[in-house]
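Structure, as structure tokens:
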Amino acid sequence: MRRAVFLDRDGVLNRTIVVQGTPHPPANLAELEVLPGVVQACAQLRGAGFLLIVVTNQPDVARGTQQRAVVEAINDALLSKVAIDDIRVCYHDDQDQCSCRKPQPGLLLQAAKEWQIDLSASFMVGDRWKDIESGRQAGCKTILIDGAYREPMQSTPDHRVRSLVEASEWILRQR
């Protein structure tokens, strides 16, 4: 069995656009900005033997305010800049009640089956409570990158940090 670090996309790998305390994904490729230290942090995690799998909710596609092709172009750009093994996307909205939309663990469970991942030896890094709850339900250790958003935390992370760099340092100390 392999170990993985599951990563939310927006707010973990790339900068979010925060409007009135609520984070939003980049609207297009021009708005994509990889956060400082992300490339190096991911390289260190991969060097330590972790698979890196992005698990991201992109409900704006279901809401009709974003095109799937734009989300895929952003994902492709991230793959070309950051050492990531896989990107899993849920395009549904809350009312769809799918098993892949975080806080449900479906994306992590699907990846674990395909990549033969030991979830109990893996980590979920996210910037919102839904990321943390998804990781917790899947059996991973969880790390919150605290963006100080205006939303209540409905799940408690195992650890809190300010960046993926800090998260990777904590993960590497856990081994």
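Observations
- Taking the chain as a Gaussian network of alpha-carbon nodes connected by springs under 10 Å, the highest mean-square fluctuation of the residues PRO23, PRO36, PRO105 belongs to PRO36.
- Summed over qualifying helices (DSSP H, 4 residues or more, each -39500 (n - 2.57)) and divided by its residue number, the chain shows a 222 nm mean residue ellipticity of -10000 deg cm²/dmol.
- Cα gyration tensor shape of the chain, rounded if a/c is under 1.5, else prolate or oblate by comparing a/b with b/c: rounded
- Fluctuation leader among SER155, SER122, SER163 - the chain, Gaussian network, Cα springs under 10 angstrom: SER155
- Listed residues CYS90, CYS98, CYS140, most fluctuating in the chain (Gaussian network, C-alpha, under 10 Å): CYS98
- Among the cysteines of the chain, those with no neighbouring cysteine Cβ under 4.7 Å are CYS42, CYS98, CYS140.
- Between segment 150-169 and segment 22-36, the Cα center-to-center distance that results, in Å: 19
- Sequence of THR65, THR56, THR156 once ranked by neighbouring C-beta atoms within 10 Å, starting from the fewest: THR65, THR156, THR56
- Extreme residue, positive dipole direction of segment 71-175, given options GLN174, SER163, THR142 (C-beta unit charges): GLN174
- Our summary gives segment 4-174 a relative contact order of 25 percent, counting only alpha carbon pairs under 8 angstrom and 6 or more residues apart.
- For segment 1-80, the relative contact order comes to 37 percent (Cα pairs under 8 Å, sequence separation of at least 6).
- Cα-centre dipole for the chain with unit charges at Cβ (Lys and Arg positive, Asp and Glu negative), debye to 20: 420
Taken together, the values in this text are just the output of simple stated rules run on the coordinates, not laboratory data. Just so we're clear, the structure is a prediction, and the values are computed from it rather than from any experiment. Virtual Cβ from ideal backbone geometry, glycine too; neighbours counted across all protein chains shown.
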